[in-house]
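Visitor: Can you read through this structure? Questions will come right after.
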Amino acid sequence: TMAHSKAVLVLENFIAGNFVPCSSYIDSYNPSTGDVYCRVPDSGKEEVEAAVKAAKNAFPIWSSKSPLERSQILNKLADLIEHDLEAFAQAESKDQGKTITFARTVDIPRAVYNFRFFASSILHHTTECTEMATMGCVHYTSRAPVGVAGLISPWNLPLYLLTWKIAPAIACGNTVVAKPSEMTSVTAWMMCKLLEKAGVPHGVVNVVFGMGTKAGEALVCHPDVPLISFTGSTLTAQRITEKSAPHCKRLSLELGGKNPAIVFDDADLAQCIPTTLRSSFANQGEICLCTSRIFVQRGIYSEFLKRFVAEAKKWKVGNPSDPTVDVGALISKEHLEKVRSYVKKAQAEGARVLCGEGVDSLALPAGNRKGYFMLPTVIAEVKDESCCMQEEIFGPVTCVVAFDTEEEVIERANSVKYGLAATVWSSNVGRVHRVAKRLQSGLVWTNCWLVRDLNLPFGGMKASGVGREGAKDSYEFFTEVKTITIKH
């Protein structure tokens, strides 16, 4: 159209090994400039139907390959993405708003590693066997891929979280219809260009772009898609659960968090402060594992606050492609307004905003003044009942409050509907174990943050989700188990 004077990238759906144009498109923006970056297919029922059919047709051949054959293909795909790491990182940064540094060092390397990890882990699973000597019977289990997997991934870590789903799904022998977020579709489209070269047969991985309400819903409601893996908001997950219930689908849901950091007065602040800044503001605070409630024991509260705010003010916000920048742009204009509204609510409730939004001025380069930027923001003296302490903000905002006793802080940390991740800072080993055991949280880090072993279960409790993912957990989710009894 005339409105797109600059040449804009146009994405196409990837179905049965071919790029297929769509009848209508959605604009996707570069959050750091506010300009249109690309046009994304606005897919619906028809496109999803075609993709599911392709995945169904590809299933018999792919599922009958040996784990080793699939493993070699996954490794080849990892090599190809790694070879284009810089191009992927540039695209991810432009599309999502995150800093080029974060895309280069976290997102794309992790996407590569996701394929390598499952390429390896698929070779090491064993099944169970028991004997009943008195009955003359042997029982054993056998696992088979489920079929067509519907994978819906979010906009905060686009390729990273999409590959965290695709890799185990296809490693186990399933075929896939994936729907990335319409706001961040470019790296998924770039990956599609490498599939054939990696040796992925046509129809094994299909990618349909578009909105959750249209394309996502068509996928969730499709009778030939027995399994849905979704990462995103609790609200959307409730819709997915309702829509998939009549079909008895199996669901893996990784949802939001309102993650506490608990800092005891024997914490090593030299480590705690830089790590807690990262856990609060990395990727603009747009990670489900980010810390947004910091409980500090009263003895060190004022010292912690002083040092934390001083360091937060040093974080540089600006053009994501500048390698010296720490904080990029938030995903969209609407999201920025939403995050800002929480800061306003906190102020209205009488909390103190110590730095960031509305307190410090943000100077941006000329080309970025229409972008969706926000300074790292620290709020103190927030009541536990406040929506700022109860709801997931998903931006560069963290609340710092004081506590007195271990008993009290556990109760307060657990007093939200979420239960994804928590961090505990203390040099007392006994306390660390006691507290970790009692926190209602799928992951607890002590004296560190975001150190992940992909072998171990990842996921949340309460409103943070259903199910776990990891080497063994993903294998169990993406396969159907059968118990076989032989009388001899």
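Visitor: Which pairs turn up if I take residues in the range 359-371 that are not assigned by the TED database to the domain that holds S332 and look for partners that are surrounded by 14 or more Cβ atoms within 10 Å (Cβ to Cβ) with beta carbon separation below 9 Å, at least 6 apart in sequence or on another chain?
Guide: From residues that are not assigned by the TED database to the domain that holds S332, there are no pairs.
Visitor: Which of the following residues is within 18 Å of W189 (Cβ to Cβ), of a type in the set (S, T, Y) and within 27 Å of the chain's Cα centre (by Cα): S32, S24, S71, S43?
Guide: Working: S32 fails: within 18 Å of W189 (Cβ to Cβ); S24 fails: within 27 Å of the chain's Cα centre (by Cα); S71 fails: within 18 Å of W189 (Cβ to Cβ).
Going through S32, S24, S71, S43 in turn, the sole match is S43.
Visitor: Just the residues that are without any contact (Cβ under 8 Å) to a residue 12 or more places away in the chain and either buried (at least 16 other Cβ atoms within 10 Å of the Cβ) or over 19 Å from the mean Cα position of the chain (by Cα) (or both), please, taken from the range 429-475. Write out each step before concluding.
Guide: Initial filter on the range 429-475 (without any contact (Cβ under 8 Å) to a residue 12 or more places away in the chain): 429-430, 433, 437, 451-453.
V429, G430, H433, K437, listed by residue number.
Visitor: Now for a separate question. Residues that are of a type outside the set (V, I, T), open to solvent by less than 10 Å² (accessible area, probe 1.4 Å) and over 24 Å from W449 (Cα atoms): which strands (runs of 3 or more DSSP E) entirely in the range 214-301 hold 2 or more of them? It would help to see each step written out before you state the result.
Guide: On the way: elements: 227-231, 250-254, 259-263, 291-297.
The strands (runs of 3 or more DSSP E) meeting that bar are 227-231.
Visitor: State all residues of the range 340-371 that are part of a helix (DSSP H, G or I) and either touching a Cys at 6+ places or on another chain (Cβ under 9 Å) or closer than 17 Å to V400 by Cβ (or both); if no residue qualifies, say none.
Guide: Here is the first cut: in the range 340-371, the residues part of a helix (DSSP H, G or I) are 340-348, 366-368.
Selection gives Y342, V343, K345, A346, Q347.
Here is a yes/no grid of residues against (1) buried (at least 21 other Cβ atoms within 10 Å of the Cβ); (2) among the polar types (S, T, N, Q); (3) closer than 23 Å to A463 by Cβ:
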residue	(1), (2), (3)
A363	no, no, no
G367	no, no, no
Y372	yes, no, no
K383	no, no, yes
S386	no, yes, yes
Q390	no, yes, yes
F394	yes, no, yes
K417	no, no, yes
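Visitor: A follow-up question, please. What number of residues within the range 146-172 are in contact with a strand residue (DSSP E or B) (Cβ under 9 Å, 6 or more places away or on another chain) and open to solvent by 30 Å² or more (accessible area, probe 1.4 Å)?
Guide: Number of matching residues: 1.
A quick yes/no check of all residues on (1) out of contact with any helix residue (DSSP H, G or I) (no Cβ under 7 Å at 6 or more places or on another chain); (2) in a loop (DSSP other than H, G, I, E, B); (3) modelled with pLDDT of 95 or more:
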| residue | (1), (2), (3) |
| --- | --- |
| I410 | no, no, yes |
| V416 | no, yes, yes |
| V424 | no, no, yes |
| G430 | yes, no, yes |
| R434 | yes, no, yes |
| D453 | yes, yes, yes |
| S474 | no, no, yes |
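Visitor: Restricting to the range 302-319, and then to whatever is over 17 Å from R352 (Cα atoms) and not in a loop (DSSP other than H, G, I, E, B), can you tell me which residue is nearest to the chain's Cα centre (by Cα)?
Guide: Taking the range 302-319 first, the residues over 17 Å from R352 (Cα atoms) are 311, 314-319.
Keeping just the survivors that are not in a loop (DSSP other than H, G, I, E, B) gives 311, 317.
Values: E311: 27, V317: 23 Å.
So, considering only residues that are over 17 Å from R352 (Cα atoms) and not in a loop (DSSP other than H, G, I, E, B), the one nearest to the chain's Cα centre (by Cα) is V317.
Visitor: Follow-up. How about the range 29-72: which of its residues are open to solvent by 80 Å² or more (accessible area, probe 1.4 Å) and farther than 30 Å from R116 by Cβ?
Guide: If the condition is that a residue be open to solvent by 80 Å² or more (accessible area, probe 1.4 Å) and farther than 30 Å from R116 by Cβ, then Y29, K45, E46, E49, K53 are the ones that fit.
Visitor: Where in the range 102-194 are there strands (runs of 3 or more DSSP E), lying fully within it, with 2 or more residues that are touching a Gly at 6+ places or on another chain (Cβ under 7 Å)?
Guide: Working: elements: 129-132, 137-145, 148-152, 175-179.
Those strands (runs of 3 or more DSSP E) span 175-179.
Visitor: Being assigned to a helix (DSSP H, G or I) and among the hydrophobic types (A, V, I, L, M, F, W, C) is the filter here; which residues of the range 195-213 pass it? Quick ask: steps written out before the conclusion?
Guide: Taking the range 195-213 first, the residues assigned to a helix (DSSP H, G or I) are 195-198, 212-213.
Within the range 195-213, L195, A198 meet the criteria.
Visitor: Take the conditions closer than 25 Å to F477 by Cα, open to solvent by 10 Å² or more (accessible area, probe 1.4 Å) and touching a residue at least 12 places away in the same chain (Cβ under 8 Å) and apply them to C192. Does it pass?
Guide: Values: closer than 25 Å to F477 by Cα: yes; open to solvent by 10 Å² or more (accessible area, probe 1.4 Å): no; touching a residue at least 12 places away in the same chain (Cβ under 8 Å): yes.
So C192 does not fit the description; no.
Visitor: On the given criteria, is S121 polar (S, T, N, Q) and closer than 22 Å to I81 by Cα?
Guide: Working: polar (S, T, N, Q): yes; closer than 22 Å to I81 by Cα: yes.
For S121, the condition - polar (S, T, N, Q) and closer than 22 Å to I81 by Cα - is met.
Visitor: Return the pairs, sorted by first residue and then second, in which the second residue is among the acidic types (D, E) and at pLDDT 95 or above, the first residue lies in the range 79-106 and is in the same structural domain as N156 (by the TED database), the beta carbons are less than 6 Å apart, and the residues are 6+ apart or on different chains.
Guide: Short answer, once both residue conditions are applied: E92/D107; A103/E92.
Visitor: Among the residues that make up the range 83-102, is at least one of them open to solvent by less than 40 Å² (accessible area, probe 1.4 Å), at pLDDT 95 or above and under 25 Å from A54 (Cα atoms)?
Guide: So far as the range 83-102 goes, no, none of its residues is open to solvent by less than 40 Å² (accessible area, probe 1.4 Å), at pLDDT 95 or above and under 25 Å from A54 (Cα atoms).
Visitor: Okay, next question. Here are some residues: T141, T175. Which one is open to solvent by less than 50 Å² (accessible area, probe 1.4 Å), more than 19 Å from the chain's Cα centre (by Cα), among the β-branched types (V, I, T) and more than 22 Å from I15 (Cα to Cα)? Write out each step before concluding.
Guide: Values: T175 fails: more than 22 Å from I15 (Cα to Cα).
Just a single option satisfies the conditions, and that option is T141.
The values are calculated or read from the model by the stated rules, or taken from the named source; none is laboratory data. Being a predicted model, the structure only gives us computed values, none of them experimental. Glycine gets a Cβ as well: all are built from the backbone with ideal geometry, and neighbour counts include every protein chain shown. Quick note on the areas: whole protein, heavy atoms, side chains included, nothing else; ligands and nucleic acids left out. Shrake-Rupley method; radii C 1.70, N 1.55, O 1.52, S 1.80 Å.
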